[in-house]
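Report on the structure given below.
The values are calculated or read from the model by the stated rules, or taken from the named source; none is laboratory data. Bear in mind that the values here come from a model prediction, so they are computed numbers and not experimental data. Methodologically, a virtual Cβ is constructed for each residue, glycine included, from the backbone with ideal geometry; neighbour enumeration extends over all protein chains shown. Calculation scope for accessible area: heavy atoms of the full protein, side chains included, ligands and nucleic acids excluded. Shrake-Rupley method; radii C 1.70, N 1.55, O 1.52, S 1.80 Å.
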Amino acid sequence: MEPSAKVIANRLNESKVNEARVNEPQRLSTLDIELRLLMEAIYLRYSYDFRDYAGASQKRRVVQAVRAFDCKSVSELQARVLHDPDLFMQLLQYLTIPVSEMFRDPSYYACLRQEVIPVLKTYPSLKIWVAGCSTGEEVYSLAILLREEGLLDRTIIYATDINPQSLEKARKGVFPLDRIALYAKNYQEAGGQLDFSSYYTAAYNAALFDRSLCDNVTFADHSLSTDSVFSETHLVTCRNVLIYFNRGLQDRALGLFHESLCHRGFLGLGSKESIDFSDYSQRFEPLQKRERIFRKL
Amino acid sequence: MTRPTQLQDVAAIVVGASAGGIHAMMQICKDLPTNYPLPIIVTLHMQDMRDSRLAALFQHHLRLRVKDAEDKESIRPGILYFAVPGYHLSIERERVFSFSCEPPLHFSRPSIDILMESAVDAYGANLMGILMTGANQDGAAGLLAIKQAGGICVVQDPAEAEIDYMPKSALALQTPDLILTLAEINALLISLGDHHVH
Ligand SMILES: C[S@@+](CC[C@H](N)C(=O)[O-])C[C@H]1O[C@@H](n2cnc3c(N)ncnc32)[C@H](O)[C@@H]1O
């Protein structure tokens with residue numbers, strides 16, 4: 001016989017012995033206070049503004065850094081970071097999630113090829129902004145796509161990020177060889193028709209991508225939290241960056257994209273990103289909802 | 001005021017499961033009404049496929065509204081939310097969802113630990129955590145965090161679980177408030193709903 005819901009509920013209430021604070025707003029823990037102070041210190045000392053990032057993931061990454069740098073607390077990490085710019089650079093690698101992939105979400109690139117490129121072809125010259133480009137995989141993917149569509153020569157790509165180490169890697173265009181099988185598969189799924197190996201030369205454990213892909217690429221330090229628009233663009237792609245921001249900072253970034261984009265310009269986001277909860281939800285219209293590709297209204 | 005968390009104090013339910021989890025979820029959500037007074041937030045490990053059909057599958061069988069959680073969406077009662085494959089799902093203090101692409105935890109992204117630990121920061125003691133069948137230890141630490149914050153912890157009876165590794169991992173870390181069969185968890189959820197209707 002199954003016990004009734006009432007019996008279970010009673011059993012539960014009898015079993016609760018631990019004292020808990022209930023139905024009160026969650027108070028800031030010491031750790032939460034330390035995290036806020038750390039972000040304030042970083043902003044004042046290094047002008048990087050992480051104060052409006054989504055807290056849960058930021059907290060996990062700082063806690064990892066505290067362990068990795070052998071600190072007893074976030075406060076200790078803060079004291080060290082304030083006095084040691086090199087340590088800040090190391091912490092930045094935790095704060096920025098420098099992970100990427102070529103032709104990540106192949107269907108996104110297929111959609112760019114089929115639905116966005118034909119419109120872009122009608123412009124005599126093009127400007128594209130890859131915001132939060134990390135180590136450059138997205139930039140090289142886009143450059144390959146544009147070359148195959150005959151657009152690369154008349155396109156300027158601005159590839160921006162706040163992490164100088166990532167930007168340096170992006171400029172070099174050298175990616176680990178053990179990732180290439182995945183990238184080649186993604187490339188094919190994205191509608192690529194050539195032999196992927198024609199875009200790189202393999203040496204040791206690395207693939208060095210064709211330098212000429214980057215002839216018209218400008219890699220630059222630019223923060224979506226603190227900097228402003230620098231150019232008019234026809235396409236902005238900003239993938240898997242906005243999820244690390246809170247709503248207010250997402251709105252700031254979307255505002256920059258809206259301002260930068262030309263009339264009916266295109267915006268591409270990460271495959272699970274959404275503008276539905278933003279002030280800008282009515283200022284872009286979905287071109288392909290599933291691929292998160294929008295047009296400026 | 002400090003007193004033990006009781007059923008009427010619960011403001012959200014977080015659930016984790018892996019192998020066998022779809023069937024288990026169906027059982028515990030059976031007959032929950034459309035106007036259920038709490039949000040139910042679920043991380044189920046799935047094969048890493050880009051498009052999960054979980055929400056559609058469950059909506060077909062349940063009266064409760066079912067949807068995929070979305071980044072920066074405010075959490076509302078009466079909805080069963082699923083974490084989407086490929087991204088960790090967290091709950092922010094403001095009780096909105098956030099996604100992230102940090103590396104998998106316990107080979108899993110989304111990870112149950114990440115959902116539960118962030119839920120504790122958002123809901124404190126006003127939380128019920130449920131961990132069920134699965135071949136993975138993900139969730140055991142998260143459920144412990146719920147326990148330590150004073151929330152209510154429920155573990156599926158390992159004797160009944162399709163794969164008992166996940167519930168046993170939870171039991172290795174704590175003695176939960178309740179060890180229940182799926183039918184009993186279902187009854188508990190229904191009664192929890194009744195406690196909120198005044
Ligand atoms: C997870 S990576 C995404 C890489 C690539 N777009 C992709 O989807 O594969 C996130 C990137 O956003 C960058 N980022 C974080 N905050 C930023 C900000 N305020 N402004 C510009 N870039 C930022 C990080 O440095 C990191 O390189």
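Things to note:
- Some residue of the stretch A:204-211 being away from chain B (no Cβ under 14 Å), open to solvent by 70 Å² or more (accessible area, probe 1.4 Å) and within 16 Å of the ligand (Cβ to nearest atom): no
To keep it simple, each residue is scored yes or no on (1) open to solvent by 40 Å² or more (accessible area, probe 1.4 Å); (2) within 14 Å of another protein chain (Cβ to nearest Cβ).
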residue	(1), (2)
A:E76	yes, no
A:D84	yes, no
A:F88	no, no
A:T96	no, yes
A:V99	yes, yes
A:Y108	no, yes
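- Test: residue in the stretch B:59-80 that is open to solvent by less than 50 Å² (accessible area, probe 1.4 Å), more than 21 Å from B:A183 (Cα to Cα) and among the hydrophobic types (A, V, I, L, M, F, W, C): yes
- Subset of the stretch B:81-107 [open to solvent by 10 Å² or more (accessible area, probe 1.4 Å) and among the hydroxyl-bearing types (S, T, Y)]: B:Y87
- Within the stretch B:181-190, considering residues that are under 17 Å from B:L127 (Cβ atoms) and out of contact with any Cys (no Cβ under 9 Å at 6 or more places or on another chain), the one nearest to the other protein chains (Cβ to nearest Cβ): B:L188
- Any pair with Cβ under 6 angstrom, 6 or more apart, that starts in the stretch A:135-159 at a residue that is on the phi < 0 side of the Ramachandran plot and without any contact (Cβ under 8 Å) to a residue 60 or more places away in the chain and ends at one that is part of a loop (DSSP other than H, G, I, E, B) and open to solvent by less than 10 Å² (accessible area, probe 1.4 Å): A:E137/A:M102; A:S141/A:M102; A:S141/A:F103
- From B:L189, B:L173, residue being over 15 Å from B:T43 (Cα atoms) and over 14 Å from the mean Cα position of the chain (by Cα): B:L173
- Restricted to helices (runs of 4 or more DSSP H) entirely inside the stretch A:16-130, those with at least 2 residues that are away from the ligand (no atom under 16 Å from the Cβ) and either touching a residue at least 24 places away in the same chain (Cβ under 8 Å) or over 30 Å from A:L146 (Cβ atoms) (or both) are A:30-46, A:55-68, A:74-83, A:85-95, A:117-120.
- Taking the criterion of being more than 13 Å from A:D215 (Cα to Cα), open to solvent by 10 Å² or more (accessible area, probe 1.4 Å) and within 13 Å of the ligand (Cβ to nearest atom), the residues of the stretch A:135-174 that qualify are A:T135, A:E137, A:E138, A:D161, A:I162, A:P164, A:Q165, A:E168, A:K169.
- Residue in the stretch A:221-240 that is within 17 Å of A:T135 (Cβ to Cβ), within 14 Å of the ligand (Cβ to nearest atom), within 14 Å of chain B (Cβ to nearest Cβ) and in a loop (DSSP other than H, G, I, E, B) present: yes
- Each residue in the stretch B:155-180 was checked for being of a type in the set (D, E, K, R), more than 14 Å from chain A (Cβ to nearest Cβ) and open to solvent by less than 70 Å² (accessible area, probe 1.4 Å), and 1 of them qualify.
- Conditions (1) open to solvent by 20 Å² or more (accessible area, probe 1.4 Å); (2) among the β-branched types (V, I, T); (3) assigned to a helix (DSSP H, G or I); number of the one not met by A:T201: (3)
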